[in-house]
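K.L.:
Before I ask anything, let me first share the structure, which is written out below as structure tokens.
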Amino acid sequence: MKWTTLALTTLAAASRSRTAQAFVTHPKTSFGVRMMTSSSSSSLRANVNRLTEPSKVLMDTTDVFIFDCDGVIWRGDSLIEGIPETLEKLRDAGKKIFFVTNNSTKSRAGYKKKFDGLGLDVKAEEIFSSSFAAAAYFEQTKFKDSGKKVYIIGEIGICEELDMIGVPYIGGPDDNGKVADMGPGGKVVHDHDVGAVVVGFDRNMNYWKIQNAQLCINENPGCEFIATNLDAVTHLTDAQEWAGNGSMVGAIKGCTGQDPIVVGKPGPLMIDYIVDKYSIERARICMVGDRLDTDVLFGQNNGLRSVLVLSGVTSEEKLLSKDNEITPDYYCDSIVDFFVPASVSA
Ligand SMILES: [Mg+2]
């Protein structure tokens, strides 16, 4: 697999200098994410278009659809209504389809099982998870040649992806439940051979892991800080929103003063990989997601068109709010509307 030279150069430069110039503080998450600048909120609101003529403005101008998963294809473990039929129609229309998710708790193989379990016929090579993106980053930066190992805060997905490419690692689920000795003279003894810390969503985050990551990044010369994603909230149950990987990354950012290299959305790695591997023209790609600050921004930052669906975390009210500065090209209730014109309600 190959990343584009540009992406690698950018990442390598970011890694070396730890620069935060390409990042600004997101108003909600307070983490560094790359934002599109804008002139005024009133003009942005006027530019938000409901998808009322999908055939003309979307289907005729798009060869490739990149779908976020949670909130677009499924919610938690439930398939969103009409999705199998819509994906079939897209394939029948000759569209290429990819699935890109910031959730790092599963590997690509793990996601393939999830698609299979939901009765969706999806090929493994059509799935891009941020766990895969982390592994691809290490492969392309030839991390293995450094002789170092990776420290993982995160779940099994990252471990499985690093196993696939033979990059040595420690941590992950092995550090669940660890408690630091904080008595007199107590300390966490970290591994001086750790050359990178990866932080992905971890339902078993603990203070030992934070301290170990802090020591690796602050005390091991050149140790990289990599985030699979910066999502503020995520879906664990349908009862409420839950703290996302932004909270884990924020903990490490807070004790190191470092900005991470983000390999998931809205960073460019996954789209660069897809564009490079399949020789696709960016203007003919449409990113479809339910989040403004990851999915839509991912599309905008990378020269793609974007559609926001209201089947996930973003409400129409939030989209049209004066406080929102991220504007998709179009929005609709769900991807079912790609074939059935939505009633104009905005
Ligand atoms: Mg989503």
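We did not get these values from a lab; they are worked out from the coordinates using the rules stated. These numbers come from a predicted model, not from an experiment. Cβ atoms come from the backbone with ideal geometry, glycine included; neighbour counts cover every protein chain shown.
K.L.:
Sort VAL340, VAL198, VAL307 by Cβ crowding within 10 Å, fewest neighbours at the top.
P.N.:
VAL340, VAL307, VAL198
K.L.:
Using a Cα-Cα cut-off of under 19 Å, which lysines could be cross-linked to LYS56, ignoring same-chain neighbours fewer than 8 residues away?
P.N.:
LYS89, LYS95, LYS96
K.L.:
Around PHE143, with a cut-off of 10 angstrom between Cβ atoms, what is the net charge of the other residues, counting Lys and Arg +1 and Asp and Glu -1?
P.N.:
+1
K.L.:
Write down Rg/Rh for region 149-243, rounded to two decimals, with Rg from the C-alpha atoms and Rh from the Kirkwood relation over Cα pairs.
P.N.:
In region 149-243, Rg relative to Rh is 1.00.
K.L.:
Considering only DSSP beta bridges with both partners in region 166-289, what is the antiparallel share in %, to the nearest 5?
P.N.:
25
K.L.:
Right, here's the next one. Binning every alpha carbon pair distance of region 198-243 at 10 Å from zero, what are the percents per bin?
P.N.:
Reading the bins upward from 0: 22, 44, 25, 8, 1.
K.L.:
Can you compute the radius of gyration and Dmax for region 173-315, using only the Cα atoms, both in Å?
P.N.:
Final numbers for Rg and Dmax: 18.2, 62 Å.
K.L.:
How big is the Kirkwood radius of region 111-179, worked out from every pair of different alpha carbons and given in Å to one decimal?
P.N.:
After inverting the pairwise mean of 1/r, the radius is 13.3 Å.
K.L.:
Quick check on packing: order 257-270, 73-86 by the mean number of other C-beta atoms within 10 Å, highest mean leading. Mind dumping the intermediate values first?
P.N.:
On the way: 257-270: 24.7, 73-86: 15.8.
Those peptides, ordered most packed to least, come out 257-270, 73-86.
K.L.:
Okay, next question. Once you sort the root eigenvalues of the Cα gyration tensor of region 37-153 as a ≥ b ≥ c, which label holds: rounded (a/c under 1.5), prolate (a/b larger than b/c) or oblate (the other case)?
P.N.:
oblate
K.L.:
Cross-link candidates for LYS277: which aspartates and glutamates have Cα within less than 18 Å, leaving aside residues fewer than 8 places away along the same chain?
P.N.:
ASP63, GLU125, GLU126, GLU139
K.L.:
Another one. Give a quick list of trypsin sites (Lys or Arg not before Pro) in region 277-323 that DSSP marks as loop, anything other than H, G, I, E or B, with at most 13 other Cβ atoms within 10 Å.
P.N.:
Here the sparse-neighbourhood loop sites are LYS322.
K.L.:
In addition: Cβ under 13 Å from SER306's Cβ, SER306 left aside: what net charge do those residues give with Lys, Arg +1 and Asp, Glu -1?
P.N.:
-1
K.L.:
Still on this structure, please answer the following. Starting with the fewest neighbours, write out PHE225, PHE338 ranked by other beta-carbon atoms found within 10 Å of each beta-carbon.
P.N.:
By the 10 Å Cβ count, ascending: PHE225, PHE338.
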